[in-house]
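What follows is a set of notes on a single structure, which appears directly below.
Since every read-out is calculated from the coordinates, none of them should be taken as a lab result. Bear in mind the structure is a predicted one, so any value in this text is a computation, not a measurement. With ideal geometry, Cβ positions are generated from the backbone for all residues, glycine too; neighbour counts draw on all protein chains shown.
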């Protein structure tokens, strides 16, 4: 019987079976893609960021953490970091871009599609933008992706109690900003 | 969610990823990094040595050779590379200081938050000045995959106590500096800086030359300081072979170490033309 867990497939990649990386890609591509969409990235860019996330996964291969033999929580943390980096790059060129005539088409397709029927998602995005990076990672894992606090803490290398404390602190500090939208309704 | 991944693009990306992974396999990296630490001369630049201070007003501290780049560093979002101005070795980043430096006294485990930083900051320059003997692990990886430096009694209290310095790349994953002393006491200074990469030079024979470790990859001729103190270049190939970077797995590394134990390898140092000799570069064997 073959072991099909992410951890087993990852071991095959590490021992030289590069094609097994394709298995990891196919298994988690869509979920990572949707994470980038949920963060407000338009679809074509989200595809690029998804590819970047998997490149980054390999670049940081010595640091990978598995949660219950799954790579997904770690991948989502990586996706979140990639997404923030991309946002940082956009901000850097913001002044230049703002001086140009606006593009003819409405640029942010993802905003139009998702925000219309998801007030909560918008609130979460605002909270993500306002939170400190470490807290934002935790929030993305729980509020956006629905991982439990235990799973999120394990992927982020935090203790479960530390993660709970951060989330509770975050909830009270953000209440003023985004009102009473439930923020941290992960699985637990 | 309405959108799905374009099937053709997904397939193309999958192929590209598999190719990338097979070109950069998981083994052998630790081996070459570890062995590279045995270099007894000094590589020029690499964003962390005294030469990087040339472009700032900061006085260059003496730098210990104990700080090697750890694995899996964050990737800063660097500006486009510019041509190296006169007097700067190609490939050496131009460094400018942003905001005021922050100094902390360290005697126990300390976490310095790095979240409040200018948008243009690409690196956090960390300078460690010891007041007592001991070692300090310092870096931005909460898991502890960080460089460390150690000071012996003979190094403390002299006229020039050697400081250790490292420019930690910053990206969104970095939010703190972790300082873990063992026996160490001293001061740690943090200064946010911007690195603007400079382009590698190309000599008339078409070889690239410049400092090692930059974003454009390794040059054909790597800048070093020769034993006579002059800056010149050794061929990347000969340095790689001499430092055991060609070994592919732990068994080969062991064999290589046995074969070369106790030897000193001398490499010729050239001008940037790759042919005019100006000195020698020495490496201690394993």
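Which residues among segment A:43-65 fall inside the zone where the amide N is under 11 Å from a point 7 Å beyond the Cα of residue B:145, along Cα→Cβ?
What the label zone holds, given the 11 Å backbone N cut-off, is A:57-65.
Over all residues in B:172-180, what is the mean tally of Cβ atoms on other chains that come within 10 Å of each residue's Cβ?
Partner Cβ neighbours, averaged per residue: 4.
Quickly rank A:26-36, B:163-173, B:109-119 as a protection proxy: mean count of other C-beta atoms within 10 Å, highest first.
B:163-173, A:26-36, B:109-119
For the pair residue A:161 and residue B:271, what calculated FRET efficiency results from E = 1/(1 + (r/R0)^6), where r is the Cβ-Cβ distance and R0 = 45 Å, to the nearest 0.05?
0.15
Applying 1/(1 + (r/R0)^6) with R0 = 51 Å to the Cβ-Cβ distance of residue B:205 and residue A:126, what FRET efficiency is obtained, to the nearest 0.05?
0.35
Pop a pseudo-label 7 angstrom from the Cα along the beta-carbon direction at both residue B:227 and residue A:5 and give the gap in nm to one decimal.
5.4
Partner chain Cβ atoms within 10 Å, averaged over the residues of B:188-195 - can you pull that number for me?
0
Subtract the Cα-Cα distance of residue B:104 and residue B:196 from 0.36 nm times their separation in residues, and report this length gain in nm to one decimal.
30.4 nm
Using a 10 Å cut-off around each Cβ of peptide B:96-105, what is the average number of partner chain Cβ atoms that fall inside?
0
Is segment B:141-228 best put as rounded, prolate or oblate by its Cα gyration tensor, with a ≥ b ≥ c the root eigenvalues, rounded for a/c under 1.5, and otherwise prolate when a/b is larger than b/c, oblate when not?
Judged from the Cα gyration tensor, segment B:141-228 comes out oblate (a/c at least 1.5, b/c at or above a/b).
Efficiency by 1/(1 + (r/R0)^6): what FRET value for residue B:131 and residue B:11, r their Cβ-Cβ distance, R0 = 45 Å, to the nearest 0.05?
0.15
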